[in-house]
Amino acid sequence: LGLPRLIELVDARKKPVTPTMDIYLDSDAKTDQTKAVAIAKNILQTTVNDLIVNTDTDYATKISINLNQKKLKDRSCTIDDVLSALESNKKFKIEPLGDTVVLNLVDEESDVPTVIAIRNKVLKTTVKGVPDVQRVTIVKKDNEWVIQTTGSNLSKVLAVKGIDLNNVRTNNVSEIGETLGIEAARNALINELSNTLEDQGLEVDQRYLMLVSDLMCHRGYMQQIGRHGIAGTKDS
């Protein structure tokens, strides 16, 4: 399989890939399931919408958020965490009433579309965890606990306490380039190309994969192969 044919295959097989991560834990947590679960909860993105029973609004002056204590406990969150996440929004004043948080709108002349937009933004507000990590699973590999995620945010995950900073993996090559640099992205790209082609039963010399990766990274940033990238910059 020659280099031109390999480039065609790489371009033809471009499909949306769900970002995932494998997060290994430090020496204190990797053998302790309780600590691993606690770290996983700190990684999993928790929004206001994940913690409520329902919301009520008069579409003019206020929005009421009814929190669920069981959901709060399951996500290791408190009402104070919700209040802290919302306090920076200047479009309303917060009034806690037990398990209900009332948001009194500052603009008394708000119309229905505006109130709906504010409510939707509130529900999407992150209370805890890493943005874009929608799901976490804890698995055991070689007698140690590993956190696997659906969704990826490498820079934010590296700031979470309890993980092994030298052993965090993501299949989002662009994110690797932005966080760790273009050389790290090049190495990750070689691995991703190799794994993808092996899954298709194709045997390709590793030097071809290195050439393609070098071509995609030689400008210091990631370029795709197709007409919106490298192929589009050539006359022929």
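Between the residues Gln224, Cys77, Leu202, the greatest Cα displacement towards the positive end of the dipole of the chain, with unit charges on the Cβ of Lys, Arg, Asp and Glu, is found for Leu202. The equivalent ellipsoid of segment 121-233 has semi-axes of 29, 20, 13 Å, largest first, where each one is the square root of 5 times an eigenvalue of the Cα gyration tensor. Segment 36-58 and segment 147-172 have Cα centres lying 20 Å from one another. How many Å³ per residue does the convex hull of the Cα positions in the chain occupy? Per residue, the Cα convex hull of the chain comes to 176 Å³.
Total lysine pairs in segment 77-236 at Cα distances under 23 Å, for residues eight or more apart or on different chains: 15. Think of segment 92-204 as a dipole: +1 on every Lys or Arg Cβ, -1 on every Asp or Glu Cβ, centred on the Cα centre; then among Val102, Val133, Thr179, Val102 lies furthest on the positive end.
When a 1.4 Å probe is rolled over the protein heavy atoms, the share of accessible surface on the chain that falls to carbon and sulfur comes to 47 percent. In this structure the amide hydrogen of Thr57, modeled in the peptide plane, comes within under 5 Å of the amide hydrogens of Ser64, none closer than 5 places in sequence on its chain.
Where Lys and Arg each count +1 and Asp and Glu each count -1, what net charge lies around Ser76 among other residues with Cβ under 15 Å from its Cβ? Value of the local net charge: +4. Site-free segments of the chain were taken between GluC sites (Glu not before Pro) in DSSP loops having at most 16 other Cβ atoms within 10 Å, sites themselves excluded; the longest one is 110-202. Counting only trypsin sites (Lys or Arg not before Pro) that DSSP places in a loop and that have at most 14 other Cβ atoms within 10 Å, the longest clean stretch of the chain runs over 15-89. For segment 47-159, the relative contact order is 25 percent, taking Cα pairs closer than 8 Å that sit 6 or more residues apart in sequence and dividing their mean separation by the residue count.
Taking every DSSP helix (H) stretch of at least 4 residues in the chain, weighting each as -39,500 (n - 2.57) and dividing the sum by the residue count yields a mean residue ellipticity at 222 nm of -11000 deg cm²/dmol.
The values are calculated or read from the model by the stated rules, or taken from the named source; none is laboratory data. Small disclaimer: the values here were computed from a predicted structure and weren't measured. Here the Cβ is made from the backbone with ideal geometry for all residues, glycine too, and neighbour counts use every protein chain on show. We work out accessible area using only protein heavy atoms, side chains counted, and drop any ligands, DNA or RNA first. Shrake-Rupley method; radii C 1.70, N 1.55, O 1.52, S 1.80 Å.
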